[in-house]
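The values are calculated or read from the model by the stated rules, or taken from the named source; none is laboratory data. In this text the structure is predicted, and so the values were computed from the model without any measurement. Note that we place each Cβ from the backbone using ideal geometry, even for glycine, and neighbour counts take in every protein chain shown. When the accessible area is computed, the model is the full protein with side chains, heavy atoms only, and any ligands, DNA or RNA have been set aside. Shrake-Rupley method; radii C 1.70, N 1.55, O 1.52, S 1.80 Å.
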Amino acid sequence: IARGLISFLRTKNVKSVAIAAASGGFPQANAGAFAKAARDAGMTVTAQEVIAAGATDLAPLLDKLKAGAPDELLVMPGGTTAAFFKAYEASGLKIPVSGRFDLAAALGVVSPAFRQAGGLAGMTSIAVFAPLIDKPGVKAFVASYEIHYGLVPTQRSFFVYEATYLAVDAIRKAHTDKPAAIEKALKTTRMASRLGVTYAPDDHNHAHTPLFVAGLRDGTPAVVATE
């Protein structure tokens, strides 16, 4: 995911980034991966800051991030997403924001005037799934999920759904419900995904599905790139 986002940012001629992530193992692991991927790609990491849990005043943090004049801010704000983007609007910064965060949450906390003025025009966020993906299978899943639960599905919802089909597919190929046979079938699966690719686990049992970069197109949320 980190290499995918950095690859996308290179197409935008980004040469330096400032990184901020919420405290905790997962966001900090992301921050470290983004920093390494950026440096491996020849980018300068001008800052790497931790966002304290429960922080509400992030103006000082933004001052630190902008001090090195980076081309892009890479953020993984977690539970401080609202506080971060409110502070971003108040700061008047023109540095584009990218990273891993809830795009809808970011759009929802800034003022309509800020959005209409293009304050988040350069915002992007990378994910392994996005409800905005324009694939027939994904669109059908999203519509069905929203009707059933009244919610927009997350990546966890989607991959649990596909994992169920993977298990069924493996049982059919194995012609048995014995665990060892199912495991063997899963390792050799070539089941089609609704993402438009085929599941093909590597030696570590990882199936490398596409990465999707969401952003704004003409002011409307959309998938703007696939890595």
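Remark: region 195-209, residue by residue, has Karplus-estimated 3J(HN,Hα) of 7, x, 10, 10, 5, 8, x, 8, 5, 9, 6, 9, 9, 8, 7 Hz, where x stands for each Gly or Pro and the curve is 6.51 cos²θ - 1.76 cosθ + 1.60 at θ = phi - 60°.
First check a/c for region 9-66, with a ≥ b ≥ c the square roots of the eigenvalues of its C-alpha gyration tensor; if it is under 1.5, answer rounded, and if not, answer prolate when a/b is larger than b/c or oblate otherwise.
Numbers: a/c = 2.86, a/b = 1.54, b/c = 1.86.
Cα axes put region 9-66 in the oblate bin.
GNM remark for the chain: springs join alpha carbons under 10 Å apart, and the peak mean-square fluctuation among ASP40, ASP202, ASP63 falls on ASP202. Placing unit charges on the Cβ atoms only, positive for Lys and Arg and negative for Asp and Glu, gives region 52-185 a dipole magnitude near 200 debye about its Cα centre. Backbone geometry of region 53-64 corresponds, through the Karplus equation with coefficients 6.51, -1.76 and 1.60 at θ = phi - 60°, to 3J(HN,Hα) couplings of 4, x, 4, 10, 9, 9, 4, x, 4, 5, 4, 5 Hz, x marking Gly and Pro. In region 181-223, Rg over Rh equals 1.22, where Rg is the alpha-carbon radius of gyration and Rh the Kirkwood radius from pairwise Cα distances.
Antiparallel beta bridges, as assigned by DSSP with both residues in the chain, represent about 40 percent of the total such bridges.
Which one is right for this structure if Rg and Dmax of the Cα atoms in Å is calculated from it: [x] 21.1, 66; [y] 19.5, 62; [z] 18.5, 53? Identified label for the calculated read-out: [y]. Of the solvent-accessible surface of the chain, computed with a 1.4 Å probe and all protein chains present, 56% belongs to carbon and sulfur.
Computed over the chain, the per-residue total of -39500 (n - 2.57) for DSSP H runs of n ≥ 4 gives a 222 nm mean residue ellipticity of -13500 deg cm²/dmol, rounded to 500.
In the context of the full set of protein chains, residues of the chain present 53 Å² of accessible surface per residue (probe radius 1.4 Å, heavy atoms only). Where Lys and Arg each count +1 and Asp and Glu each count -1, what net charge lies around GLY119 among other residues with Cβ under 10 Å from its Cβ? Here the charged neighbours net out to +1. Lysine pair count for the chain with Cα-Cα distance under 25 Å and sequence separation of 8 or more or different chains is 19. Among the trypsin sites (Lys or Arg not before Pro) in region 172-227, those placed in a DSSP loop whose Cβ has at most 12 other Cβ atoms within 10 Å are ARG190. For the chain, set up a GNM with springs between Cα atoms under 10 Å and report which of THR56, THR164, THR189 has the largest fluctuation. Comparing THR56, THR164, THR189 in the GNM, the peak value goes to THR164. Answer rounded, prolate or oblate for region 9-134, using the Cα gyration tensor with square roots of eigenvalues a ≥ b ≥ c: rounded when a/c is under 1.5, else prolate when a/b is larger than b/c, else oblate. Because its axes are fairly even, with a/c under 1.5, region 9-134 counts as rounded. Each Lys and Arg adds +1 at its Cβ and each Asp and Glu adds -1 at its Cβ; summed about the Cα centre, the chain shows a dipole of about 380 debye.
Contact order normalised by length for the chain, with contacts defined as Cα pairs under 8 Å and 6 or more residues apart; what percent is it?
Working: 378 pairs, mean separation 38.0, N = 227.
With pairs under 8 Å counted, the relative contact order is 17 percent.
Determine the sum of side-chain charges near LEU211: Lys and Arg each +1, Asp and Glu each -1, restricted to other residues whose C-beta is under 11 angstrom from that of LEU211. Before the final figure, lay out each step's value.
Working: positive: ARG3, ARG100; negative: GLU227.
With Lys, Arg at +1 and Asp, Glu at -1, the neighbours total +1.
GNM on the chain, alpha-carbon springs under 10 angstrom: the most fluctuating residue among GLU49, GLU162, GLU72 is GLU162. Taking amide H atoms as placed 1.01 Å from N in the peptide plane, the amide H of SER16 lies under 5 Å from those of THR44, ASP71, GLU72, each 5 or more residues away in sequence or on another chain. Close amide H partners of ASP102, meaning residues 5 or more places away or on another chain with modelled amide H under 5 Å apart, do not exist here.
What net charge do the residues around ILE133 carry, taking every other residue with its C-beta under 9 Å from that of ILE133, with Lys and Arg at +1 and Asp and Glu at -1? All intermediate terms of the calculation are to be shown ahead of the outcome.
Details: positive: LYS135, LYS139, ARG194; negative: ASP134.
That sum, taken over residues with Cβ under 9 Å, equals +2.
Do any trypsin sites (Lys or Arg not before Pro) in region 62-104 lie in a loop, going by DSSP, with at most 16 other beta-carbon atoms within 10 Å of their beta carbon, and if so which? Could the numbers behind the result be given before it?
On the way: sites: LYS64, LYS66, LYS86, LYS94, ARG100; in loops: LYS94, ARG100.
The qualifying sites are LYS94.
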